[in-house]
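Trainee: Here you go, one structure.
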Amino acid sequence: MTKLYYDLHTHTVWSDGELGPASLIAHAARAGVRVLALTDHDTMAGIDEAAAAAQAAGIRFVPGVELSVTWQGLTVHIVGLALDAGDARLCRALEALREARLRRGRAMVSALAAAGLGDAGAVLERDGIVSRVHIADWLVAQGHARDRTGAFKRFLTRGGVGYVAGEWASLGEAVAWIHGAGGCAVLAHPTRYRLSGGRLQQLVRAFVEAGGAALEVVTAGLDVGEIGRLARLAQRHGLCASAGSDFHKALPWRLLPGGLPGLPPNCTPVWHSWPEALPQEIG
Ligand code: AMP
Ligand code: MN
Ligand code: MN
Ligand code: MN
């Protein structure tokens, strides 16, 4: 079995991941990853530390980000790859998204207190972005839920007492910020939105119209059939293909970045136009 040694979708403690940037790189190096993108939600704060650790470990590093977008009432994630992390417009946009996250966080804390669940205010004090994941972990620590999944299901999704909708960017804005910073815009984990075939086509069409470049064809948890369907979807819409584990934390069933299956042969890899592109697979 060949192994893909690109991993273009990962998270650290700066968003909702468990590892710091240097630990993430160390884990990825041990797993045989050769090209890694850090794509924290709505922040690039981990980029410098990750880039330095990657250089020391001999991993090629790709600066990235994962932006939250609202499309037709649905939250969709757009990954930006190979970005200029100092781009002024992108930095302003990320700042605004983090402020929106803080406002939503305060509203969630108030809603939970009003429901008699206690004061989760300390969750807002962290250095990285404020995510529902952090509220979920607080609910688990307080004994209100058995695990994260339970906390999301009962309290933090539409209809739950702690749910507050995010004020995210539009698809057009997110793609424009990424391209303005010299990057590639990738529609992340397309199967995770649980859309019908027709609605997914609509989303992909809207993404293409907004100027999007690639579809995440390989991600953790997809079987060969699903990967094949996404590869055809990308091909039909003239999109390149990306691959990333969406690594957040070490789990018994999904330990590390790396180990993803290769892209199907009908795909144009998103990295085909990057300088010094490495071959996709090791023997
Ligand atoms: P947010 O961007 O703050 O709304 O939080 C969304 C993040 O929560 C996603 O990026 C996932 O990492 C995580 N997440 C979403 N749904 C669940 C779930 N049901 N169980 C555990 N984690 C989840
Ligand atoms: Mn996440
Ligand atoms: Mn995502
Ligand atoms: Mn992600």
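Trainee: Of all residues being part of a loop (DSSP other than H, G, I, E, B) and aliphatic (A, V, I, L, M) in segment 158-181, which is surrounded by the fewest Cβ atoms within 10 Å (Cβ to Cβ)? Just the residue, please. Spell out how you get there, then give the answer.
Mentor: To start, the set of residues in segment 158-181 that are part of a loop (DSSP other than H, G, I, E, B) comprises 158-168, 170, 181.
Those still in the list that are aliphatic (A, V, I, L, M) too: 161, 164-165, 181.
Details: Val161: 14, Val164: 18, Ala165: 11, Ala181: 22.
Of everything passing the filter in segment 158-181, Ala165 is surrounded by the fewest Cβ atoms within 10 Å (Cβ to Cβ).
Trainee: Right, here's the next one. Please identify the pairs in which a residue from segment 17-38 that is not assigned by TED's automatic domain parsing to the domain that holds Asp127 and open to solvent by 30 Å² or more (accessible area, probe 1.4 Å) has its Cβ atom under 8 Å from the Cβ atom of a residue that is among the basic types (Lys, Arg) and more than 16 Å from ligand 2 (Cβ to nearest atom), counting only partners at least 6 apart or on another chain.
Mentor: Here the result reads Arg34/Arg60, each pair linking segment 17-38 to a residue that is among the basic types (Lys, Arg) and more than 16 Å from ligand 2 (Cβ to nearest atom).
Trainee: Quick one: which of Gly238, Gly198, Gly221, Gly211 is assigned by TED's automatic domain parsing to the domain that holds Ile78, over 30 Å from Leu24 (Cβ atoms) and assigned to a loop (DSSP other than H, G, I, E, B)?
Mentor: None of the other options fit; the residue is Gly238.
Trainee: Also, quick follow-up: Here are some conditions: (1) exposed (fewer than 14 other Cβ atoms within 10 Å of the Cβ); (2) in contact (Cβ under 8 Å) with a residue 40 or more places away in the chain; (3) small (Gly, Ala, Ser); (4) within 16 Å of ligand 2 (Cβ to nearest atom). Gly221 meets all but one. Which one does it not meet?
Mentor: So Gly221 meets the others, but not (2).
Trainee: Right, another one. Taking the stated definitions as given, is Trp71 of a type outside the set (Val, Ile, Thr) and away from ligand 4 (no atom under 14 Å from the Cβ)?
Mentor: Values: of a type outside the set (Val, Ile, Thr): yes; away from ligand 4 (no atom under 14 Å from the Cβ): yes.
The answer is yes for Trp71.
Trainee: What residue, among those in segment 114-133 that are open to solvent by 30 Å² or more (accessible area, probe 1.4 Å) and not in a loop (DSSP other than H, G, I, E, B), is farthest from Trp271 (Cα to Cα)?
Mentor: Ala114
Trainee: Quick check: anything in segment 142-153 in a helix (DSSP H, G or I), basic (Lys, Arg) and open to solvent by 50 Å² or more (accessible area, probe 1.4 Å)?
Mentor: Yes: segment 142-153 contains one or more residues that are in a helix (DSSP H, G or I), basic (Lys, Arg) and open to solvent by 50 Å² or more (accessible area, probe 1.4 Å).
Trainee: Also: Considering only residues that are open to solvent by 30 Å² or more (accessible area, probe 1.4 Å) and away from ligand 2 (no atom under 16 Å from the Cβ), which ones fall in segment 44-62?
Mentor: Of everything in segment 44-62, those that are open to solvent by 30 Å² or more (accessible area, probe 1.4 Å) and away from ligand 2 (no atom under 16 Å from the Cβ) turn out to be Asp48, Glu49, Ala51, Ala52, Gln55, Ala56, Ala57, Gly58, Arg60, Phe61.
Trainee: Go over the candidates Leu74, Leu67, Leu83 one by one and state the one that is buried (at least 21 other Cβ atoms within 10 Å of the Cβ) and within 16 Å of Gly172 (Cα to Cα).
Mentor: Answer to the check: Leu67.
The values are calculated or read from the model by the stated rules, or taken from the named source; none is laboratory data. Just so it is clear, the model here is predicted, and its values are computed rather than measured. For neighbour counting, all protein chains shown are included, and Cβ atoms are generated from backbone atoms with ideal geometry for every residue, glycine included. Protein only, heavy atoms only, side chains kept; ligands, DNA and RNA dropped before computing areas. Shrake-Rupley method; radii C 1.70, N 1.55, O 1.52, S 1.80 Å.
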